[in-house]
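Contents: one structure, followed by commentary.
The values are calculated or read from the model by the stated rules, or taken from the named source; none is laboratory data. Keep in mind that what you see is a predicted model, and the values were worked out from it rather than measured. For the accessible areas, the whole protein counts, side chains as well, though only heavy atoms, and no ligand, DNA or RNA atoms are used. Shrake-Rupley method; radii C 1.70, N 1.55, O 1.52, S 1.80 Å.
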Amino acid sequence: MDSNKTNCASMKQACYLCNCEELRPVEVIRKRPALETDFGIKPSAYLRRIMLCNSCGVYNNLHTYDFEKMYFGKYNKDTYDSSILARYNAIMNLPSERSDNKARVKRLVDFCGERGLKLKGLNVLDVGSGLSVFLGEFLKYGVKGYCIDPDPMSIEHAVRNVKVSGAFRGSFMEYESGFKFDIITFNKVLEHVTDPVSLLRKAGGHLKKSGFIYIELPDGEAALRNNVLTDREEFFIEHYTIFSKRSVRGLSELASLSAIKSESIIEKSGKYTIFSFVEKRHPLISG
Ligand SMILES: [Zn+2]
């Protein structure tokens, strides 16, 4: 089926979530889609495969490029230019009807309201904070913001301009602290790492008993319903995993978490997204 056997031989062949090796081919992509960021891969070397896991239902983007390494300092330069503050201000100033971040914050505010949680003073940790637009919006409600990001530029910007209460530069897996948070958020982050289950499990260990985790992931199943796969950003090369509601449930379970609420939406920007609120799994009554 594939003439480029050398490249394929070194590709990962198991699911990033559940490690199952029963993967169903969905598409082989040999050319960078027009709207995908150019990460400098030679056109002749461009090759990746979208494979659907039979076991957990996640779409895997299998290739040989190491995007996790790239996030340590280079990603923001490629994606955001050097003017991080100007970019931050431009997105902060988007009106509500065009802002994914304002809608995201509203979902969190509404959810806290449903749970009877007072926002003022809640400790919110955003993992993979990037431009910190989300924290910037959420801080308006009186929460205390904390962030983790591998990019030193993002961290400097979060401290200096966004005024977060604490920031850690590095991978969340390297973060060591006894501090517990009320809310931990992963906004379009888990699809960028090869082991999202470990990150989520670790987050469970940094949650207060009453705390919860908010997750946003690309919804591959919805994106494919009326679109061509290579046209959709959900399936672009920097996403190792692309989800369905079933695979989000699987991800939570593998990380010893339980889903409280999960919903499939089309965002203001046109992205197909699944958002979920999850909490630590309560001990089951054995019977
Ligand atoms: Zn799987």
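List of remarks:
- Computed lengthening from R30 to D110, 0.36 nm per intervening residue step minus Cα-Cα distance: 24.5 nm
- For the pair S83 and L117 in one chain, pulling the backbone fully straight at 0.36 nm per residue adds 8.6 nm over the alpha carbon distance.
- The accessible area of R30, taken with all protein chains in place and a 1.4 Å probe, comes to roughly 110 Å².
- Just so you know, the Cα atoms of the range 130-235 work out to an Rg and Dmax of 15.4, 46 Å.
- Residues R115, R49, ordered by accessible area of protein heavy atoms at a 1.4 angstrom probe radius and largest first, appear as R115, R49.
- Computed from Cα atoms, the angle from the helix 196-205 axis to the main principal axis of the chain rounds to 20 degrees.
- Carbon/sulfur fraction of accessible area - the range 124-266, other protein chains in place, 1.4 Å, %: 49
- In sequence order, calculated HN-Hα J values of the range 173-183 (Karplus, 6.51, -1.76, 1.60; Hz; x Gly/Pro): 5, 8, 6, 10, 6, x, 5, 10, 10, 7, 9
- Measuring against 22 Å, Cα to Cα, the residue pairs K245/K271; K188/K261; K120/K208; K12/K280; K69/K202 contain K12/K280 as the ones spanning a longer distance.
- In the context of the full set of protein chains, the chain has a per residue accessible area of 48 Å² (1.4 Å probe).
- Along its first, second and third principal axes, ordered by size, the chain spans 59, 58, 37 Å in Cα coordinates.
- Taking amide H as placed 1.01 Å from N in the peptide plane, the amide H of C147 sits under 5 Å from that of D126, G166, A167, F168, each at least 5 places away or on another chain.
- With θ taken as phi - 60° and the Karplus curve 6.51 cos²θ - 1.76 cosθ + 1.60 applied, the whole-hertz 3J(HN,Hα) list for the range 38-49 is 7, 8, x, 7, 4, x, 6, 9, 6, 7, 8, 10 Hz, x standing for glycine and proline.
- Along the range 89-96 the Karplus relation, 6.51 cos²θ - 1.76 cosθ + 1.60 evaluated at θ = phi - 60°, assigns HN-Hα couplings of 4, 4, 6, 4, 8, 5, x, 3 Hz to successive residues, with x for each Gly and Pro.
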